[in-house]
Amino acid sequence: MKLLGTLKRHFGYDQFRPLQQEIIRDALAGRDVFVLMPTGGGKSLCFQLPALLRNGLTIVVSPLISLMKDQVDALQTSGIPATYLNSTLDRDQAKARWRGLHRGEYRMLYVAPERLMLDTFLERALNWNIAQFAIDEAHCISEWGHDFRPEYRELKKLRTYLPDVPMIALTATATERVRADIIKELKLREPRCYVASFNRPNLSYRVVPKSAPYEQLLAFILSRPHDSGIVYCASRKSTESLARNLNEDGVSAKPYHAGLTPTERTKHQEAFLRDDVRVITATIAFGMGINKPNVRFVVHYDLPKNLESYYQETGRAGRDGLPSECVLLFSASDVAKQLHFIDEKSETEARIAREQLRQMVHYAETRQCRRAVLLEYFGEKFGEQRCDGCDNCLQPRETFDGTVHAQKFLSCVYRVHTKSGFGFGLNHVVDVLRGADTEAIRQRGHDELSTYGIGRDLKREAWQAIGRELLRLGLIECAPGRFATLTITKAGHEALRQRTPITLTKQIDIAARDQKTRAGAIECDEPLFERLRGLRRKLADERGVPAYIIFSDVSLREMARNYPMNANEFRRIPGVGEQKAKDFVEPFLSEVKNYLAANPRQTFSRNVDPLLSRRRSRLNDSQKETLRRFRGGESVEDISRARGFVRSTIYEHLAAAIESGESLEADRFFMASQREEIESAFRQINNGKLVDVSAFLGNRYDIGLLRIFRAFAARDAVAGGDDPGGFVASFRR
């Protein structure tokens, strides 16, 4: 109860997320702990809450100097004494904080590794009562990680200076090799290791063929006028030009890359955090470490070098758990350019880089569930055939007989190459097919070819899509180099000679929104939500902090859903702790009351998945037999063996029986603690989807058990009407 009380008092939440409570207990027991938890999974709480419950100072090691102020501001807004030391402070500010540290005024100190490991710093620290070291972004210590920082390697010396201080290492992304390296380099002693699911149920994934990239990007952003996002590019020049063009087209944007001065980077990042600009254009090579929880989209304008970087960068979307989008613009020419740069590396480096690029291209070209491919890279098996959160699952591509079009394209590539003695890029081949009158075509005599103008019946974009499909099918290939020229492969020559039937897929629109309800969606009064956002922005500006530090979008949407009318109701909103209730109850209650004075109160469903509201149906004979055996005392395993069915089928039979109204005891399936944990997960995921709930729970429960829980909830959803307790009433009888 002490942990839950502290959680509610300071952070405003009634329940822990999966694994948080176990991690916190181990940290409080003084054990070394390793935590691998995806962005948005609640890593920070794993060291912040113990810092409040133990005597002494928790030193948080972070490489993200530009974010320390916002992290500390967020803690102070929640009534938690924290500070930071870095180069942004003037002399007087630094002195005041040193004095506070020596007097024991703080529970947490944020500091960069290079500052912490200075001899002068460590000598001072020896006089403090240090309770724990929290090593954030711990993957930076590993040479095998995607963001290696040499200064992190010095942290191993902490075991020499302060051998008795426990350590917790945290990261959002690390392969097994990187995990082992972190534990070894930090000299963690028999650490308890916690690995959460890499699945981010609230994120949707799409790969869109890159044709007219800027026009595609602009259409995407303009179709989401209230959303903020990050656009990742391969070069500094691209970030600058994209930001400039977006501003000219009415989208507020700032670039962010290593070529800017530290002052410029900080200024641009703060503008984004404070919602002064909607879009940040950033280089792939330069890690932002952005801490903004309501990033609604991440677009990769260019191809990332590896899946680890891609996962880390897409993970900056939807940290608050609300639905968010991840889009990758993909073209074979991007692959060719990367191969060109890889060829300039040493043989060992090149071999690793080619394998990483191969995995990235596989993700981009696959027709499988993209979530499953991404999770498999990190050694996690996705338990469902469909995720309903990627383009391949939501929008299976329409196919058509493209034999004639493919023959025309292949023939044109061959004839252009034969005429000039070397290959040309995709756009030039398309120009020849469409009979374009360009200087390049006239100079090389390509207007004299038999394939000149034979493709006027299709638009330019259609021919570009066909070219990309033929690349994916391996009938043509891009030569490595800056110019990405096309050549026909052996398979392409064979298809051309034998007129092999070729099936092609239709392209999709980047601007189209996912019509499926994503995990984490919170239905609410949208006009009131926008008014509350405006109030939040005003209060944040007055305090000089980013808007999310006042309240997250999740908290605002819950306010716009529940219409709190007094202080007690306001305190029940997720994210409202004691300090925030004290500071903000009056303005937010006033805003809600003023809104209701002119607008009717709306009612909302309990966000129960449509699967939960299925009508009661009669059981078939096989389901009745399973029910008879279960009532006779046989376990699920017993019935599975006796009937020759897999366990999942037996669970489905029993779930159907529960939904049809048959009386079964929930205690035969769950212990009380399990019920509470599963109930909490269903409520937080908020869509009833088993795969999303399973991932949220770290895949620790059989999908069949979750199906049973959902069946009890479905029965109550049908029978309980508007009873707010109906969702889990069967567990409270």
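Based on the Kirkwood radius over alpha-carbon pairs, what value in µm²/s does the Stokes-Einstein equation return for the translational diffusion coefficient of the range 621-720 at 10 °C and 1.306 mPa s?
Details: Rh = 13.9 Å.
Rounded to a whole number, D works out at 114 µm²/s.
Explain nothing, just the number: dipole magnitude of the range 1-115 about its Cα centre with +1 on each Lys and Arg Cβ and -1 on each Asp and Glu Cβ, in debye rounded to the nearest 20.
Values: 16 positive and 10 negative charges, 64 e Å.
Here the range 1-115 has a charge dipole of around 300 debye.
How many lysine pairs in the range 203-394, separated by 8 or more positions in sequence or lying on different chains, have Cα atoms less than 22 Å apart?
Lysine pairs, 8 or more places apart or on different chains, close enough: 13.
Could you state, as a whole-number percent, how many of the C-alpha pairs of the range 246-357 are farther apart than 25 Å?
Roughly 30 percent, once rounded to a whole number.
Which lysines have a Cα less than 23 Å from the Cα of residue 156, not counting those fewer than 8 places away in the same chain?
List returned: 43, 184, 187.
Tell me what the chain gives for mean residue ellipticity at 222 nm when only DSSP H runs of n ≥ 4 count, each as -39,500 (n - 2.57), the sum divided by the residue total, rounded to 500 deg cm²/dmol.
On the way: 34 runs with 343 residues, N = 733.
Rounded to the nearest 500, it is -14000 deg cm²/dmol.
If you rank 446, 139, 362 by fewest surrounding Cβ atoms within 10 Å, what's the result? Write out the running numbers ahead of the final one.
On the way: 446 23, 139 26, 362 13.
Placing the least packed residue first, the sequence is 362, 446, 139.
Any idea what the dipole of the range 203-394 comes to, in debye rounded to 20, about its Cα centre with Lys/Arg Cβ at +1 and Asp/Glu Cβ at -1? Before the final figure, lay out each step's value.
On the way: 26 positive and 26 negative charges, 22 e Å.
So the dipole magnitude of the range 203-394 works out to roughly 100 debye.
Tell me the net charge near residue 50. Cut-off is 12 Å between Cβ atoms, residue 50 excluded, with +1 for each Lys or Arg and -1 for each Asp or Glu.
Once all neighbours under 12 Å are counted, the net charge is +4.
Are there chymotrypsin sites (Phe, Trp or Tyr not before Pro) in the range 376-456 that DSSP puts in a loop and that have at most 13 other Cβ atoms within 10 Å, and which ones? List each step's numbers first, then the result.
Details: sites: 377, 378, 382, 400, 409, 414, 422, 424, 452; in loops: 378, 382, 422, 424, 452.
Taking the range 376-456 and a limit of 13 other Cβ atoms within 10 Å, the loop chymotrypsin sites (Phe, Trp or Tyr not before Pro) found are 422.
So, counting K/R as plus one and D/E as minus one, what does the shell of residues with Cβ under 14 Å around residue 244 add up to?
Values: positive: 236, 237, 254; negative: 240, 248, 249.
Net charge in that neighbourhood comes out at 0.
Expected output is a single nm value to one decimal: the length gained when fully extending between residue 700 and residue 438, i.e. 0.36 nm times separation in residues minus the C-alpha distance. What is it? Walk me through the numbers before you get to the answer.
Details: separation 262, 0.36 × 262 = 94.32 nm, distance 6.18 nm.
Separation in residues times 0.36 nm, less the Cα-Cα distance, equals 88.1 nm.
Nearest 20 debye, what's the magnitude of the dipole of the range 381-465 about its Cα centre given +1 on Lys and Arg Cβ and -1 on Asp and Glu Cβ? Display every interim value, and only then the final one.
Details: 12 positive and 12 negative charges, 50 e Å.
Dipole about the Cα centre, nearest 20: 240 debye.
Which one is right for this structure if semi-axes √(5λ) of the Cα gyration tensor in Å is calculated from it: (i) 45, 36, 27; (ii) 55, 28, 24; (iii) 58, 32, 21?
(i)
Take every Cα pair under 8 Å in the chain that's 6+ residues apart, average their separations, divide by the length, and report that relative contact order as a whole percent. Kindly include the intermediate steps, with their values, before the conclusion.
Values: 1194 pairs, mean separation 93.5, N = 733.
Dividing the mean separation by the residue count of the chain yields 13 percent.
Could you work out the percent of alpha carbon pairs in the range 401-481 separated by over 17 Å, rounded to a whole number?
That tail contains 38 percent of the Cα-Cα pairs.
Nearest 0.05, what FRET efficiency do residue 565 and residue 622 give at R0 = 60 Å with Cβ-Cβ as r? Can you show the working numbers first?
Values: r = 52 Å, r/R0 = 0.86.
With R0 = 60 Å, the Cβ-Cβ based efficiency is 0.70.
If you take every residue apart from residue 74 with its C-beta less than 12 Å away from the C-beta of residue 74, what net charge results, scoring Lys and Arg +1 and Asp and Glu -1?
With Lys, Arg at +1 and Asp, Glu at -1, the net is +2.
Put +1 on the Cβ of every Lys and Arg and -1 on every Asp and Glu Cβ in the chain; which of 252, 338, 633 then has its Cα farthest towards the positive end of the dipole?
Selected residue: 633.
At 4 °C and 1.567 mPa s, what whole-number value in µm²/s does Stokes-Einstein give for the translational diffusion of the range 203-394, with Rh from the Kirkwood sum over Cα pairs? Display every interim value, and only then the final one.
Numbers: Rh = 17.2 Å.
D, rounded to a whole number, is 75 µm²/s.
Any idea what log10 I(q)/I(0) is at q = 0.09, 0.12, 0.20 Å⁻¹ for the range 292-442, Debye with uniform C-alpha scatterers and no solvent?
-0.44, -0.74, -1.26
Looking at the chain, send over the antiparallel percent of its DSSP beta bridges, to the nearest 5. Can you show the working numbers first?
Values: 6 of 56 bridges.
The answer is about 10 percent antiparallel.
What FRET efficiency do you get for residue 407 and residue 263 if R0 is 56 Å and r is their Cβ-Cβ distance, rounded to the nearest 0.05?
Numbers: r = 58 Å, r/R0 = 1.04.
So, using R0 = 56 Å, E works out to roughly 0.45.
Bear in mind that the values in this text are calculations on the coordinates, not laboratory data. What you are looking at is a predicted structure, and each value in this text was computed from that prediction instead of being measured. Neighbour counts run over all protein chains shown; Cβ positions are idealised from the backbone, glycine included.
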